[in-house]
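Following: one structure in structure tokens, then a few remarks.
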Amino acid sequence: MFGYIEPLKPELKMKEYEAFRGYYCGLCKTIKDKYTNTARFMLNYDCAVLSILLSSMSDNLPIVNRERCIANPLKKKTIVRSVEAEYAAAVNVILGYGKIKDTQRDDKKASAYALALFYKRVRKKAAKGNAVLMLEFDKRMKALHALEEEKSGNLDAVSSQFAHLLAAVFSLAPCDFIDERAKKILRHFGYNLGRWLYIADAIDDLEKDDKKKRYNVFLQREYDNITQHRKNIREEAAFNMNYSLAEACKAYELLDIKRDKPLLDNIMYLGLAKKTKDILKGEGNGSL
């Protein structure tokens, strides 16, 4: 359910693309420093955007350096480090562990069990200092799994659980610049972005879930042919994705963005719109 939130790269200026990569690499380095080197396996674009958004609202300027990276140790890259990246790193680990547990439940592979066991300690460390978020995470995932177990076909009921989780992720960020007004806006922003993410993932994985006989909210209806089924549910999915994206954009416009606005505008207005069209056409690249 991760890896969908990213900019439309052809429309970015070079400095904006460099900033995006810098924040992404900065989050990667923060995960390594705060947790373990192998925890970077769970790194995803969505949490990099969380880091960018929170940093853009802060009065604290991020630190920009040229550093070498484990992926390419011979060439220095731009690394953007911000205080807010520490929270994004914790969220990345917590949600990443949840993704591993979902894979374990769905596929029942030995590799997934081994990964879950390995990252359990990392997740426990990330949970420290984020007790309220962890309570919300456990509550929402438990409710989501219960709906999946009963094979619920109620799109609103199922997607709202992940939506509430993302609402908590954004609104509970431990940043002193987030007052009650900003918290309310971030809650609405996160809720609608989370709902968009859940539906995007369900549509994108439709054929894969059908083939592997895994739960998917859109597969809880009668159908004979999966290709025709995708066409039949496209209008419903399009309405829900576009509605949630529009609501997220409305909330975004109310936030006090101090820097990197062209990059964030690209993500919100171009990147997510392009991803929506690609997924609805069956041309998504799948979640991480």
Helix 180-204 sits off the longest principal axis of the Cα atoms of the chain, rounded to the nearest 10 on a 0 to 90 degree scale, by 50
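Evaluate E = 1/(1 + (r/R0)^6) for Ala114 and Ala273, where r is the Cβ-Cβ distance and R0 equals 35 Å; express this FRET efficiency to the nearest 0.05.
Numbers: r = 39 Å, r/R0 = 1.10.
The calculated FRET efficiency here is 0.35.
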Check: C-alpha center the stretch 203-255 vs C-alpha center the stretch 120-155, spacing in Å is 22
Highest mean packing first, using Cβ neighbours within 10 angstrom, the peptides 32-40, 67-75, 149-157 sort as 32-40, 149-157, 67-75
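Quick check: net charge around Gly3, other residues with Cβ under 11 Å of its Cβ, Lys/Arg +1 and Asp/Glu -1?
On the way: positive: Lys99, Lys275; negative: Glu6, Asp46, Asp201, Asp204.
Around Gly3, the surrounding residues sum to -2.
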Helix 45-57: inclination vs the chain longest Cα principal axis, degrees, rounded to 10, gives 50
In degrees, nearest 10, the alpha-carbon axis of helix 14-34 is tilted away from the dominant principal axis of the alpha carbons of the chain by 90
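At 0.36 nm per residue, minus the direct Cα-Cα distance, what do Glu180 and Lys34 gain on full extension? Give it in nm, one decimal, please. Don't skip to the answer; put the middle values down first.
Values: separation 146, 0.36 × 146 = 52.56 nm, distance 2.87 nm.
Extra length from Glu180 to Lys34 when fully extended: 49.7 nm.
Keeping all protein chains in place, calculate the accessible area per residue for the chain (probe 1.4 angstrom), answer in Å². Spell out each step's value before the answer.
Working: 14300 Å² over 288 residues.
Spelled out: the 1.4 Å probe surface of the chain, per residue, equals 50 Å².
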The summed charge of the Leu74 Cβ neighbourhood (under 15 Å; Lys/Arg +1, Asp/Glu -1) stands at +4
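Over 20 Å between C-alpha atoms is what I'm after, so list which of Lys108/Lys139; Lys108/Lys211; Lys125/Lys183; Lys99/Lys261 land there. Working shown, then result.
Details: Lys108/Lys139 23 Å; Lys108/Lys211 16 Å; Lys125/Lys183 25 Å; Lys99/Lys261 30 Å.
As for pairs spanning more than 20 Å Cα to Cα, those are Lys108/Lys139; Lys125/Lys183; Lys99/Lys261.
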Excluding ligands, DNA and RNA, the carbon-plus-sulfur percentage of the accessible area of the stretch 51-111 with a 1.4 Å probe reads 55
Mean projected area, convex hull of alpha-carbon positions in the stretch 1-97, reported to one decimal in nm², is 6.3
On the accessible surface of the stretch 123-174, probed at 1.4 Å with all protein chains in place, carbon and sulfur together account for a percent value of 55
Calculating Kirkwood radius over Cα pairs in Å from this structure picks out, from [x] 22.7; [y] 18.7; [z] 19.5, entry [z]
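For the ranges 132-139, 83-90, what's the packing order if you count other beta-carbon atoms within 10 Å of each residue, average per peptide, and put the highest first?
Averaged packing, sorted descending, gives the order 83-90, 132-139.
The values are calculated or read from the model by the stated rules, or taken from the named source; none is laboratory data. In this text the structure is predicted, and so the values were computed from the model without any measurement. Every residue, glycine as well, gets a Cβ built from its backbone with ideal geometry; the counts of neighbours run over all protein chains shown. Note: areas computed on protein heavy atoms with side chains; ligands, DNA, RNA excluded. Shrake-Rupley method; radii C 1.70, N 1.55, O 1.52, S 1.80 Å.
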